[in-house]
1. May I ask you to work out the translational diffusion coefficient for the stretch 13-81 at 25 °C, viscosity 0.890 mPa s, via Stokes-Einstein with Rh from the Kirkwood sum over Cα pairs, reported in whole µm²/s?
2. Loop only per DSSP, at most 13 neighbouring Cβ atoms within 10 Å: give me the chymotrypsin sites (Phe, Trp or Tyr not before Pro) in the stretch 68-150, ordered by residue number.
3. Along the Cα-to-Cβ line of residue 114, 7 Å from the Cα, sits a label point; which residues in the stretch 35-63 have backbone N less than 17 Å from it?
4. Compute from the Cα atoms of the stretch 222-315 the Rg and the Dmax, the latter being the longest Cα-Cα distance, and quote both in angstrom.
5. Per the Cauchy relation, a quarter of the hull surface: what is the mean projected area of the convex hull of the alpha carbons in the stretch 105-233, in nm²?
6. Across all directions of projection, what mean area in square nanometres is found for the Cα convex hull of the chain?
7. What whole-number distance in Å separates the alpha-carbon centres of the stretch 81-116 and the stretch 176-235?
8. Can you give the FRET efficiency for residue 222 and residue 257, using 1/(1 + (r/R0)^6), R0 = 35 Å, r = Cβ-Cβ distance, to the nearest 0.05?
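Derivation of every value follows stated rules applied to the coordinates shown; laboratory data play no part. Keep in mind it's a predicted model, so treat the numbers as computed, not measured. Don't worry about glycine lacking a Cβ; one is built from the backbone with ideal geometry, like all the others, and counts go over all protein chains shown.
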Amino acid sequence: MSFSSVAKSELCRITDEKKCCQLAELAAIMKMSGTIHINGKNGLSFRIATENPAIARRVFTLLKNVFGIQTDILVKKNSTFKKSNVYIVVITPDMGAKEILLKTGILKQHSDGTIGINNKIYSELIKKSCCRRAYIRGAFLGGGSISNPEKTYHLEFVTNSIENAEDLMKLINSFNLNAKVIQRKSNFVVYLKEGEQIIDLLNIIGAHSALLELENVRIYKEMRNNVNRLVNCETANLNKTVDAAVRQIESINFIKEKVGLKKLPPNLREIAELRINYPDVSLKELGQMLNPPIGKSGVNHRLRKIEKIAEELKDS
């Protein structure tokens with residue numbers, strides 16, 4: 001089961017919601033994944049389609065709780081993915097589909113009495129903070145998805161209306177988040193890409209188990225990245241140390257063959273002999289072997305002088 005499915009199944013188990021919150025959640029699901037059907041003289045009907053049976057049951061329960069109707073649920077084979085089913089909740093004209101569509105803000109009545117489709121979020125549904133949270137939850141159930149956090153951080157809501165996308169973005173951002181909208185072919189996508197912001201949104205909509213799982217993954221990935229950075233840094237420093245030691249020994253051996261180490265000043269000859277005898281030790285350790293001991297910078301200064309002498313001998 002995908003991370004999205006796990007999160008949605010958790011959200012579908014939320015109970016004890018106020019009736020206003022149930023209406024807001026239902027309206028969002030209907031707007032994100034529903035279609036209006038005109039049946040001629042019979043009037044309007046509405047269908048909500050989902051591949052997740054838990055969401056279909058959720059819609060069935062919300063319709064029963066809010067509007068007191070018992071809807072039909074059709075099960076069809078997905079024509080694209082043969083193995084999965086599509087669950088369709090049907091609201092017929094006899095069940096009061098038109099009135100339900102008006103109350104959920106899917107339809108709006110104009111001043112002249114005509115009725116049209118409302119692409120924006122119905123403001124009456126989201127006056128309270130609890131209802132705003134419920135609406136975002138419904139939008140996620142109806143048209144949202146979240147990537148496997150092991151791979152990437154990405155949460156999105158897909159809708160076919162720019163007005164709905166922009167309203168949803170503003171609604172999400174009213175909780176101090178930073179959602180953005182992009183167009184993807186004929187659809188509009190509201191998305192979040194930062195792990196911390198996705199965690200905050202999951203908390204807002206009530207997906208607390210999914211939140212904890214994502215947080216664990218995020219902490220693990222952050223620790224792994226920190227360890228990798230430290231290892232890379234240590235490796236780079238070790239490589240620099242090894243390269244420097246090889247270069248120093250080559251310079252000392254060149255001086256030894258060319259003129260002999262006895263030609264070096266006593267302080268340089270002493271450090272040169274130590275470097276040849278102890279090629280693997282650090283500059284700090286070399287300094288401690290001297291009498292009197294000197295610091296790392298002092299050792300480095302002497303070795304640089306030796307390298308300079310070797311360069312001058314090569315040029316002469």
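1. The Stokes-Einstein estimate is 184 µm²/s.
2. 81
3. none
4. Taking only Cα atoms of the stretch 222-315, I get Rg and Dmax of 15.8, 55 Å.
5. 9.7 nm²
6. 27.8 nm²
7. What the calculation gives is 35 Å, centre to centre.
8. 0.10
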